[in-house]
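Trainee: Take a look at the following structure, please.
The values are calculated or read from the model by the stated rules, or taken from the named source; none is laboratory data. Because the structure is predicted, anything quoted here is derived from the model rather than measured. Cβ placement follows ideal geometry from the backbone for every residue including glycine, while neighbour counts extend to all protein chains displayed. The accessibility values were calculated without ligands, DNA or RNA, using every heavy atom of the protein model including side chains. Shrake-Rupley method; radii C 1.70, N 1.55, O 1.52, S 1.80 Å.
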Amino acid sequence: MKNIIFSLLTLAAVAPVQAFAQQRPDIIGVIMGSQKAVIAVPDMRGAGRASGLMDIVNGTLFRDLEDAAVFKMAPKSMYPTRVPQQPQEFRKPLQYDPANRNAAPWLQDWSDPPVNSDYLAFGYAAEQDNQIVLFGWLFNVRQPEVAAAHVLGKIYFGPIDETGARKVAHEFAADILKQFGVESLAGSKVYFVSNRSGSKEIWSMDYDGASQKQITSYKSISTMPSVSPDGSRIAFTSWAMGQPQILVHSLETLRRIPFLNPRAGTNQNASYTADGKQIAFSSSASGFSQIYMANADGSGVRRLSNSRAVEVEPKINPKTGNEIVFVSGRGGGSPQVYSMNSDGADVQRLTTGEGQATNPSWNPQGTHIAFAWTRGYDPGNFNIFVMDVNTREYVQLTSGTGRNENPVWAPDGKHIVFSSDRGGRGQIWTMLADGTQLRQLTSAGINEKPAWSK
Amino acid sequence: MTTNKASALALALCLSFFAAGCKKKVPAPAPPAAPPKVAAPTPKPVVARPIVKFFTAEPSTIERGQASSLKWEVTGAETASINQGLGVIGTAAAGGATPAVISGNRSVFPSNTTTYTLTASNSGGTVSEAVTVNVTTPPPAAKATPTPSPRATFGEVIARELHDALFDFDKSDIREDARNSLTQNSDKLKTIFRDYPNGTVTIEGHADERGSAEYNLGLGDRRAIAAKEFLVQLGVSADRLRTLSYGKERPQCTDNSETCWQKNRRAHFTGQ
């Protein structure tokens with residue numbers, strides 16, 4: 001199963017021969033990887049007060065594993081009736097007979113048709129000293145013996161409530177994912193803008209939409225958040241001081257941290273370099289919004305772009321730190337996505353010039369951008385696209401379902417969070433970078449401008 | 001009509017003068033009785049003329065279309081009436097012993113200033129009383145006062161006198177119609193700035209909802225700056241003009257139509 005642990009850079013060369021890429025002979029196969037292991041995740045049972053929390057435990061575990069996009073989930077309807085709760089229940093039969101319902105559970109129950117699974121996650125939960133205790137195992141059911149099948153076995157503790165139920169399930173899922181070289185998204189946060197309190201403020205939530213919390217309360221307009229790579233600071237654009245300016249808050253104290261804005265009517269779209277030491281942003285100090293770079297506290301400002309056009313949304317390549325993509329209306333045309341070196345040289349247009357192209361965002365590997373484009377649609381009807389920045393090949397992920405904007409990559413490089421008004425009002429959604437597995441994370445008020453942080 | 005009215009007025013004045021005169025001088029004493037000689041001839045009962053206790057119009061001044069209420073009380077009359085088409089307002093029961101009381105009220109809706117005359121009579125004579133209802137014409141609706149009232153605040157003057165400059169989709173160029181709006185604005189601003197030496201004008205830049213919020217914020221900024229530069233070229237003091245972009249964050253309408261989008265693609269002026 002080592003081929004599960006893949007590298008995007010190496011796969012880029014061999015992608016065309018991968019099975020998945022053959023179905024969609026495009027850049028998606030490169031991003032999503034190829035063959036996937038099949039995993040069965042039967043519902044676990046709980047004793048005592050834990051029994052009432054098992055829906056949350058089972059739901060969270062299943063979703064974390066499914067969302068990670070490294071497994072193919074074995075369909076639950078195919079599961080055998082004898083589900084083990086702990087390894088001791090497995091008894092190797094002398095002659096395996098799948099029809100014998102009185103037999104003890106065995107590995108082949110899961111590896112043979114119709115389940116056809118490679119792995120089985122199982123266990124049980126109990127109440128102990130006012131805590132929920134989850135006993136979780138991961139078995140490779142293709143092995144001939146129990147001892148060889150054992151991949152992972154661990155005990156997880158949490159408060160005996162919904163938070164604790166989510167915690168133990170997230171931790172079990174994260175340990176399973178770690179076996180496949182994948183960092184779980186369970187600890188990651190999505191920051192976004194919501195008007196549900198009456199004005200646009202910055203909010204945060206877990207990657208699955210749980211625990212939504214208000215971060216700012218300026219009662220003005222605060223929008224366009226960007227999180228520092230270490231997750232300690234958030235920069236955003238706010239009218240709290242009158243004109244739109246960049247404000248920075250500590251995510252530890254939630255207090256404001258000084259940031260020196262250049263003297264300009266508009267300073268906006270702050271985004272951090274990978275080391276967190278620099279900020280790129282756009283400023284209208286020259287009379288036109290242009291691309292600037294400064295130290296993280298706003299000192300040492302320097303102008304990077306030089307045009308008589310509106311230029312916004314600079315995003316620095318997180319891997320090379322050298323390439324900047326941004327949006328420009330230069331040439332008198334509609335806004336398009338451009339790239340340039342971090343010194344402002346070598347400006348190139350990445351999109352074709354059709355429609356309006358905005359909201360570029362680098363994947364963590366620095367190879368692809370996701371962006372919003374109206375290509376093929378009326379002005380304002382944006383869809384999410386992904387482009388290989390080297391070849392400029394692009395693929396459309398959403399199609400014609402309302403306004404889809406502000407795509408931002410998850411730390412795993414396989415998920416994208418974005419906003420969409422497909423349900424009538426703008427809400428935050430996630431999807432896999434192949435356009436599948438759509439999930440709506442918000443529903444209260446109007447929500448927009450997501451940012452995904454580790 | 002005018003002459004009719006005038007003569008009616010004159011008559012009413014006369015009558016009222018007469019009535020008032022009567023009131024002051026009555027009762028005219030009977031001539032001193034001669035010393036009774038023999039049995040006097042059967043005395044003929046002396047009938048006093050009716051008395052108008054009151055006849056009022058409330059209110060006495062109305063706007064055209066409003067009502068005024070006439071109220072009256074007359075004693076001792078056999079019959080009483082009001083002119084202007086109101087007619088007889090009461091008659092005493094025949095042979096009534098006690099002096100009859102005629103009282104009442106009526107709403108009237110005169111379209112011009114009108115004098116109402118109440119006439120009461122019996123066998124002893126006739127008295128009249130008149131009231132006048134003055135009718136004013138309401139000012140024509142929605143006609144702005146031509147000159148700014150000196151009490152208007154700077155913000156009110158800016159909101160009233162300055163017009164939005166409108167822009168094309170995705171553009172910040174000053175169009176022909178925006179050129180006209182801004183030229184008028186510059187003339188007005190020079191006067192207003194003289195009248196209000198401490199006021200500052202904020203030029204807000206707005207965009208329609210279709211572009212991205214980020215690009216629109218830059219575009220709104222550009223529109224505000226373009227409007228400011230145009231005004232400054234026409235001689236408006238630059239240090240009293242501020243720019244503020246809202247992008248598409250503060251639309252003045254939210255319909256999904258070009259009419260609404262055009263309204264939102266604007267440079268808008270507020271005063272502080």
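Trainee: Please compute the alpha carbon radius of gyration of the range B:167-220, then divide it by the globular-protein estimate 2.2 N^0.38 Å. Two decimals is fine.
Mentor: Cα Rg divided by the expected 2.2 N^0.38 Å: 1.44.
Trainee: Alpha carbon centre of the range A:257-286 versus the range A:31-82: separation in Å?
Mentor: 44 Å
Trainee: Across the residues of A:247-258, average count of Cβ atoms on other protein chains within 10 Å?
Mentor: Whole-number average of other-chain Cβ neighbours for A:247-258 is 0.
Trainee: Order A:Glu201, B:Glu129 by their accessible area, 1.4 angstrom probe, all chains in place, largest first.
Mentor: If we order A:Glu201, B:Glu129 from most to least accessible, we get B:Glu129, A:Glu201.
Trainee: So, one more: In the range A:193-246, which trypsin sites (Lys or Arg not before Pro) fall in coil by DSSP and have 13 or fewer other Cβ atoms within 10 Å?
Mentor: A:Lys219
Trainee: Rounded, prolate or oblate: which fits the range A:189-453, taking a ≥ b ≥ c as square roots of the Cα gyration tensor eigenvalues, rounded meaning a/c under 1.5, else prolate when a/b beats b/c?
Mentor: Because its axes are fairly even, with a/c under 1.5, the range A:189-453 counts as rounded.
Trainee: A follow-up question, please. Residues of A:233-240, mean number of Cβ from any other protein chain within 10 Å of their own Cβ, rounded to a whole number?
Mentor: Whole-number average of other-chain Cβ neighbours for A:233-240 is 1.
Trainee: List the relative contact order of chain A as a percent without decimals, with contacts defined as Cα pairs under 8 Å and 6+ residues apart.
Mentor: 10 percent
Trainee: Sticking with this structure for a sec: Can you list, largest first and rounded to whole Å, the semi-axes you get for the range A:257-320 by taking the square root of 5 times each eigenvalue of its Cα gyration tensor?
Mentor: 18, 14, 8
Trainee: Next question, about the same structure. Would you calculate the convex hull of the Cα atoms in chain A and tell me its volume per residue in Å³?
Mentor: 156 Å³
Trainee: How far apart, in nm, are the 7 Å Cα→Cβ label points at A:Ala444 and A:Ser286?
Mentor: Label-label distance for A:Ala444 and A:Ser286, simple model: 4.4 nm.
Trainee: Please give me the summed charge of the neighbours of B:Ala100: other residues whose Cβ is under 13 Å from its Cβ, Lys and Arg +1, Asp and Glu -1.
Mentor: Local net charge: -1.
Trainee: Using θ = phi - 60° and the Karplus curve 6.51 cos²θ - 1.76 cosθ + 1.60, what whole-Hz ³J(HN,Hα) does each residue of the range B:61-72 get, with Gly and Pro shown as x?
Mentor: These are the phi-based 3J(HN,Hα) values: 10, 10, 7, 3, x, 8, 10, 10, 9, 8, 10, 8 Hz.
Trainee: Over the range A:324-394, calculate the relative contact order: mean separation of alpha carbon pairs under 8 Å at least 6 apart, over the residue count, as a percent.
Mentor: In percent, rounded to a whole number, it is 21.
Trainee: What FRET efficiency do you get for A:Asn116 and A:Lys178 if R0 is 22 Å and r is their Cβ-Cβ distance, rounded to the nearest 0.05?
Mentor: With a Förster radius of 22 Å, E is 0.35.
Trainee: Tell me what the protein assembly as shown gives for mean residue ellipticity at 222 nm when only DSSP H runs of n ≥ 4 count, each as -39,500 (n - 2.57), the sum divided by the residue total, rounded to 500 deg cm²/dmol.
Mentor: -5500 deg cm²/dmol
Trainee: Rounding to the nearest 10 and keeping the result within 0 to 90°, find how far the Cα-based axis of helix A:162-178 lies from the longest principal axis of chain A.
Mentor: So the inclination is approximately 90 degrees.
Trainee: Over the heavy atoms of A:Ser419, what accessible area does a 1.4 Å probe trace out, to the nearest 10 Å²?
Mentor: Result for A:Ser419: roughly 10 Å² accessible.
Trainee: Report the FRET efficiency, 1/(1 + (r/R0)^6), for A:Glu145 and A:Ser299, where r is their Cβ-Cβ distance and R0 is 60 Å, rounded to 0.05.
Mentor: With R0 = 60 Å, the Cβ-Cβ based efficiency is 0.40.
Trainee: Right, another one. With everything on Cα atoms, drop me the angle between helix A:54-67 and the longest principal axis of chain A, reported from 0 to 90° to the nearest 10.
Mentor: Helix A:54-67 and the main axis of chain A meet at about 60 degrees.
Trainee: With a cut-off of at most 15 other beta carbons within 10 Å, and DSSP calling the residue loop, which GluC sites (Glu not before Pro) in the range A:135-173 qualify? Please list them.
Mentor: Listed in order of number, the matching sites are A:Glu145.
Trainee: In nm, what is the difference between 0.36 nm times the number of residues separating B:Asp173 and B:Gln84 and their Cα-Cα distance?
Mentor: Computed gain between B:Asp173 and B:Gln84 is 25.2 nm.
Trainee: Computed FRET efficiency, Cβ-Cβ of A:Asn390 and A:Ala210, R0 45 Å: what is it to the nearest 0.05?
Mentor: 0.75
Trainee: Find how many whole Å separate the alpha carbon centroid of the range A:114-179 from the alpha carbon centroid of the range B:167-246.
Mentor: Cα centroid of the range B:167-246 versus Cα centroid of the range A:114-179: 63 Å apart.
Trainee: Additional query: I'd like the accessible area for B:Glu161, computed on protein heavy atoms only with a 1.4 Å probe and all protein chains in place. Round to 10 Å², please.
Mentor: Spelled out: B:Glu161, probe radius 1.4 Å, area about 50 Å².
Trainee: Residue by residue through B:202-213, how many Cβ atoms from other chains fall within 10 Å of the Cβ on average?
Mentor: Rounded to a whole number, the mean comes out at 5.
Trainee: Now for a different question. Once you order the gyration tensor axes a ≥ b ≥ c over the Cα atoms, which shape class does the range B:49-137 get: rounded for a/c under 1.5, otherwise prolate or oblate by comparing a/b with b/c?
Mentor: Cα axes put the range B:49-137 in the prolate bin.
Trainee: Tell me whether the range A:34-96 comes out rounded, prolate or oblate; compute the Cα gyration tensor, take square roots of the eigenvalues as a ≥ b ≥ c, and use a/c under 1.5 as the rounded threshold.
Mentor: It is oblate, given that a/c is not under 1.5 and a/b is not larger than b/c.
Trainee: Also, quick follow-up: Taking 8 Å as the Cα distance limit and 6 or more residues as the minimum spacing, I'd like the relative contact order of the range A:232-345 as a percentage.
Mentor: In percent, rounded to a whole number, it is 17.
Trainee: Then there's this: Roughly speaking, what is the stretch gain from A:Leu94 to A:Leu254, that is 0.36 nm per residue apart minus the C-alpha to C-alpha distance, in nm to one decimal?
Mentor: 51.3 nm
Trainee: Determine, at each q value in 0.10, 0.19 (inverse angstroms), the log₁₀ of I(q)/I(0) that the Debye formula gives when each Cα of the range B:154-271 is one equal point scatterer.
Mentor: Result of the Debye calculation: -0.27, -0.92.
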